[in-house]
Amino acid sequence: MNALIKHLKYSFTEIASFIFSSPTQHITTLYVEKNSHPAPETPHLWTHALFSYKDPLVHKLVVSMKYRNDTNASRVIGKCIANFIIEHLDEWKKLYGIENFVLIPIPCSKKHKRKRGYNQTERLVKNIHTYIPELKTSYNTLTKTKETKGQTETANKKERLQNVAHSFSVTKPVSEAVLLIDDVVTTGATLKEARRALRESGVNKIIAITFAH
């Protein structure tokens, strides 16, 4: 009987571990960088994407981070983006003639943040900052000013542009060059709208970086 109880306890522990553990817990940044397909060309010259969203591993990480509250996926993606920034930071400093950059996440609406309990791009920026602490961060520079449909719910590029038009405003202007962070870029409509708001506030140098395209 004791052996049976012990076996049942062990089985329950294994099942609970399987159900509640991170679905990406065994995935590392190094594995992603070595095994994921690179992203296709992005919609804008000022936008950089690391990997193809069609890659199953990349897709799994994004979905886990965005919809399943997977903090390990956020750490892995954040480290990948941090490595990309470290690789190109000196080049950007020379290109733009500026030393100071600030990390800014694409904001989500208050409704979506309440529903999920978090903004995945804010988590990304926090993870990136862990690896590049010399970069400044600002989590309240950009604000989502209107509710929009998810970009995947729109039919085409024109509808996506209309969906996000004038959906961002700047509430806390920054003087530094901006590294604009998001998880995925598709048509670039969201990043373009965020860039418009930043430029209207006086920011001239903006680089957008996403994990996937």
Exercise. What single numbered condition from (1) more than 14 Å from the chain's Cα centre (by Cα); (2) in contact (Cβ under 8 Å) with a residue 60 or more places away in the chain fails to hold for Lys172?
Worked result: (2)
For this session: Report yes if Val58 is out of contact with any Gly (no Cβ under 8 Å at 6 or more places or on another chain) and in contact (Cβ under 8 Å) with a residue 60 or more places away in the chain, otherwise no.
Result: yes
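Quick check, is Lys93 surrounded by 14 or more Cβ atoms within 10 Å (Cβ to Cβ), more than 21 Å from Lys192 (Cα to Cα), among the charged types (D, E, K, R) and out of contact with any Pro (no Cβ under 8 Å at 6 or more places or on another chain)?
On the way: surrounded by 14 or more Cβ atoms within 10 Å (Cβ to Cβ): yes; more than 21 Å from Lys192 (Cα to Cα): yes; among the charged types (D, E, K, R): yes; out of contact with any Pro (no Cβ under 8 Å at 6 or more places or on another chain): yes.
The answer is yes for Lys93.
Just the residues that are in contact with an Asp or Glu (Cβ under 8 Å, 6 or more places away or on another chain) and surrounded by 14 or more Cβ atoms within 10 Å (Cβ to Cβ), please, taken from the range 108-128.
Those that are in contact with an Asp or Glu (Cβ under 8 Å, 6 or more places away or on another chain) and surrounded by 14 or more Cβ atoms within 10 Å (Cβ to Cβ): Ser109, Gln120, Thr121, Leu124.
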Seminar exercise, completed: A careful count of residues in the range 166-200 that are closer than 13 Å to Thr143 by Cα, out of contact with any Phe, Trp or Tyr (no Cβ under 9 Å at 6 or more places or on another chain), β-branched (Val, Ile, Thr) and surrounded by 17 or more Cβ atoms within 10 Å (Cβ to Cβ) gives 1
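For Pro23, are the conditions met, namely being in contact with a helix residue (DSSP H, G or I) (Cβ under 7 Å, 6 or more places away or on another chain), at pLDDT below 95, at negative phi and of a type outside the set (Phe, Trp, Tyr)? Before you say what the answer is, go through the steps one by one.
Working: in contact with a helix residue (DSSP H, G or I) (Cβ under 7 Å, 6 or more places away or on another chain): yes; at pLDDT below 95: yes; at negative phi: yes; of a type outside the set (Phe, Trp, Tyr): yes.
Yes, satisfied.
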Exercise. With the range 49-131 as the region, which helices (runs of 4 or more DSSP H) entirely inside it contain at least 2 residues that are under 17 Å from Leu180 (Cα atoms) and hydroxyl-bearing (Ser, Thr, Tyr)?
Worked result: 71-96, 120-131
For this session: For the range 34-48, name all the residues that are part of a strand (DSSP E or B) and within 16 Å of Asp182 (Cα to Cα).
Result: Thr47, His48
Exercise. Can you pull out the residues in the range 35-60 that are surrounded by 13 or more Cβ atoms within 10 Å (Cβ to Cβ) and charged (D, E, K, R)?
Worked result: Asp55, Lys60
Problem set entry | Meets criteria (of a type in the set (Gly, Ala, Ser), within 20 Å of Ser167 (Cβ to Cβ) and buried (at least 16 other Cβ atoms within 10 Å of the Cβ)) for Ser74 | no
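The values are calculated or read from the model by the stated rules, or taken from the named source; none is laboratory data. Computed from a predicted structure; not experimentally measured. Counting neighbours? That spans all protein chains shown, and the Cβs are built from the backbone with ideal geometry, glycine included.
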